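Worksheet: the structure to be examined is printed underneath.
The values are calculated or read from the model by the stated rules, or taken from the named source; none is laboratory data. Predicted model only: the values in this text are computed from it and were never measured. Virtual Cβ from ideal backbone geometry, glycine too; neighbours counted across all protein chains shown.
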Amino acid sequence: MGFSSASLFAANGSKQPELLRGNDFNLNIGLQSVNFTGVDRLATTVNGSLPGPTLYWQEGETVTIKVTNTLNVTSSIHWHGIILPTGMDGVPGLSFAGIAPGETFTYRFKVQQSGTYWYHSHSGFQEQTGLYGAIVVLPKQAEPITYDRDHVVMLSD
């Protein structure tokens, strides 16, 4: 099943990744056929999406993220720039063993900052083949400015 570059963003058929909000998340790492250049390729996706879903967290709250690996190789998710306990950092060989094929790993930590960040794999070339997504951490205090909408822009090559 191939997708044109204009149509593959999310498994739900929209032209943007799914937006997930709250404290409890279920993410599934898998493979999906994509076609950005006229040639079908396999991409590593999160919840069938490339990029993966945008995660919205609240500063000061504890998040629980259950990540299931449906690949036939070990995988991982690193929470880039997020202040958290070492065991939740998601770097195989440094902070944990990785997520084995068919297994689920539960990340759980208190969100200690606000801002825009990203998550990605630290396993093989999974980031380069699509395993990444955005994180938006909303601040505890109201922002001093008002705006009509917020856009997250992710670039990849």
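When only residues in segment 61-79 that are surrounded by 15 or more Cβ atoms within 10 Å (Cβ to Cβ) and of a type outside the set (Val, Ile, Thr) count, which is farthest from Gln141 (Cα to Cα)?
Filtering first and then ranking leaves Leu71.
Looking at segment 21-59, which of its residues are assigned to a loop (DSSP other than H, G, I, E, B) and of a type in the set (S, T, N, Q)?
Within segment 21-59, Asn23, Asn35, Thr37, Asn47 meet the criteria.
Looking at segment 37-59, which of its residues are under 16 Å from Ile82 (Cβ atoms) and surrounded by fewer than 19 Cβ atoms within 10 Å (Cβ to Cβ)?
Matches in segment 37-59: Tyr56, Gln58, Glu59.
Filtering segment 80-91 down to residues that are free of Cβ contacts under 8 Å to residues at least 40 places away in the same chain and within 23 Å of Ser156 (Cα to Cα), which residue is surrounded by the most Cβ atoms within 10 Å (Cβ to Cβ)?
If we take residues in segment 80-91 being free of Cβ contacts under 8 Å to residues at least 40 places away in the same chain and within 23 Å of Ser156 (Cα to Cα), then Gly90 is surrounded by the most Cβ atoms within 10 Å (Cβ to Cβ).
Considering every residue within segment 142-149, establish whether at least one is touching a residue at least 12 places away in the same chain (Cβ under 8 Å) and either in contact with a strand residue (DSSP E or B) (Cβ under 8 Å, 6 or more places away or on another chain) or among the hydroxyl-bearing types (Ser, Thr, Tyr) (or both). Don't jump to the end; show me each part of the working.
If we filter segment 142-149 for residues that are touching a residue at least 12 places away in the same chain (Cβ under 8 Å), which is where we start, we get none.
No, that holds for no residue.
Do the conditions hold for Val34, that is, is it among the aliphatic types (A, V, I, L, M), buried (at least 17 other Cβ atoms within 10 Å of the Cβ) and either at pLDDT below 95 or in contact with a helix residue (DSSP H, G or I) (Cβ under 9 Å, 6 or more places away or on another chain) (or both)?
Numbers: among the aliphatic types (A, V, I, L, M): yes; buried (at least 17 other Cβ atoms within 10 Å of the Cβ): yes; either at pLDDT below 95 or in contact with a helix residue (DSSP H, G or I) (Cβ under 9 Å, 6 or more places away or on another chain) (or both): yes.
In short, yes.
Of the conditions (1) surrounded by fewer than 13 Cβ atoms within 10 Å (Cβ to Cβ); (2) within 24 Å of Arg21 (Cβ to Cβ); (3) not aromatic (Phe, Trp, Tyr), Gly133 fails just one. Which one is it?
So the condition that Gly133 fails would be (1).
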